[in-house]
1. Could you please let me know if residue 42 is more than 16 Å from residue 14 (Cα to Cα), free of Cβ contacts under 8 Å to residues at least 60 places away in the same chain and either touching an Asp or Glu at 6+ places or on another chain (Cβ under 6 Å) or hydrophobic (A, V, I, L, M, F, W, C) (or both)?
2. Scan segment 8-15 and tell me whether some residue there is among the basic types (Lys, Arg) and out of contact with any Asp or Glu (no Cβ under 8 Å at 6 or more places or on another chain).
3. What are the residue pairs meeting all of these: first residue in segment 219-239, first residue over 17 Å from residue 165 (Cα atoms), second residue surrounded by 11 or more Cβ atoms within 10 Å (Cβ to Cβ), Cβ atoms under 6 Å, and 6 or more apart or on different chains?
4. For segment 45-60, what are the residues that are of a type outside the set (A, V, I, L, M, F, W, C) and free of Cβ contacts under 8 Å to residues at least 24 places away in the same chain?
5. Take the conditions part of a helix (DSSP H, G or I), touching a residue at least 24 places away in the same chain (Cβ under 8 Å) and not assigned by TED's automatic domain parsing to the domain that holds residue 197 and apply them to residue 140. Does it pass?
6. Just checking: which of the helices (runs of 4 or more DSSP H) contained wholly in segment 198-261 hold 1 or more residues that are at pLDDT 90 or above and under 30 Å from residue 80 (Cβ atoms)?
7. Which condition does residue 119 not pass, out of (1) free of Cβ contacts under 8 Å to residues at least 40 places away in the same chain; (2) touching a helix residue (DSSP H, G or I) at 6+ places or on another chain (Cβ under 9 Å); (3) assigned by TED's automatic domain parsing to the domain that holds residue 23, if it passes all the others?
8. Does segment 143-152 contain any residue that is hydrophobic (A, V, I, L, M, F, W, C) and more than 27 Å from residue 249 (Cβ to Cβ)?
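The values are calculated or read from the model by the stated rules, or taken from the named source; none is laboratory data. Remember, it's a predicted structure, so these values are computed and weren't measured experimentally. When we count neighbours, we look across all protein chains shown, and the Cβ atoms used for this are built from the backbone with ideal geometry, even at glycine.
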Amino acid sequence: MNVTDIGIFGIGRLGEALARAALGLPGLRAVHVTRRSADRVARLQAADGRVIPGDPAAILLACDIILVALRPDDARRLLGALQFEGRHHIISAMAEIGLDELRDLTRGAGSAARVLAMPSVADGGQLLPLFPHTAAAEHLFGARNQFLPVGSEAELMTFWAITGLLSAAMMTGQVAEGWLARAGANPCDATAYARAIYSDVLAATAPGFAAGMDHVSTPGGLNEMMRGRLSAAGFDHEIEAGLQAIHDRLMARLVRPHTPD
């Protein structure tokens, strides 16, 4: 397996982060990326001269390890038109293309795996659910991150589902930011302080969420008041219902893989 040249199909927000993560590998010669999203490609090139834009077929020729971070329809059009060989090892960071379909689209490749990576993977130190474990994934991510072993693709989807909470968590901060500004705070200060709340959440939940909530919820205090109000409004139920809906959507891709017309 040639591990000095890494290929990436799809340079969106996640693809750019994956490229930055790959650039941290020792002994890396080049990261070959598709040309779409020219601004992101230019930013990567400006930061590191080892970033080489190219056509998918040329990337496939130059690289044995291929990271895929495309939208599902784009992936189906692109991957289905390429010729893969046993030397190619595919790592998908796509939420809605299952492993069976990925293997079908990359037929001939030596291995295929799915990794749940967030944009913060660029900085390392992340917990990465992965299925199945492959040598290519270990090479790319194992030195700077910690794998979360899962026993099946269905289990991987349960972890993937809760990533849908990111915007909901940010929405809570946005509401707080807006309320604070309307109450008379300087808008910049409102944003800074609303964001700072999240650093306390991370620290308080180190021993677990239940312990964290107990830690910040003084009986009769402000946090207990807000938590009780949201619970009474069905907040817990709506979160669980939303997670189940996301999980059902992801699982549908496993049991009903796309088949071309």
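1. For residue 42, the condition - more than 16 Å from residue 14 (Cα to Cα), free of Cβ contacts under 8 Å to residues at least 60 places away in the same chain and either touching an Asp or Glu at 6+ places or on another chain (Cβ under 6 Å) or hydrophobic (A, V, I, L, M, F, W, C) (or both) - is not met.
2. yes
3. Here the result reads 223/216; 223/217; 224/217, each pair linking segment 219-239 to a residue that is surrounded by 11 or more Cβ atoms within 10 Å (Cβ to Cβ).
4. 45, 49, 53, 54, 55
5. When the stated conditions are applied, residue 140 passes them.
6. 235-255
7. Unmet condition: (1).
8. Yes, there is a match, as at least one residue in segment 143-152 is hydrophobic (A, V, I, L, M, F, W, C) and more than 27 Å from residue 249 (Cβ to Cβ).
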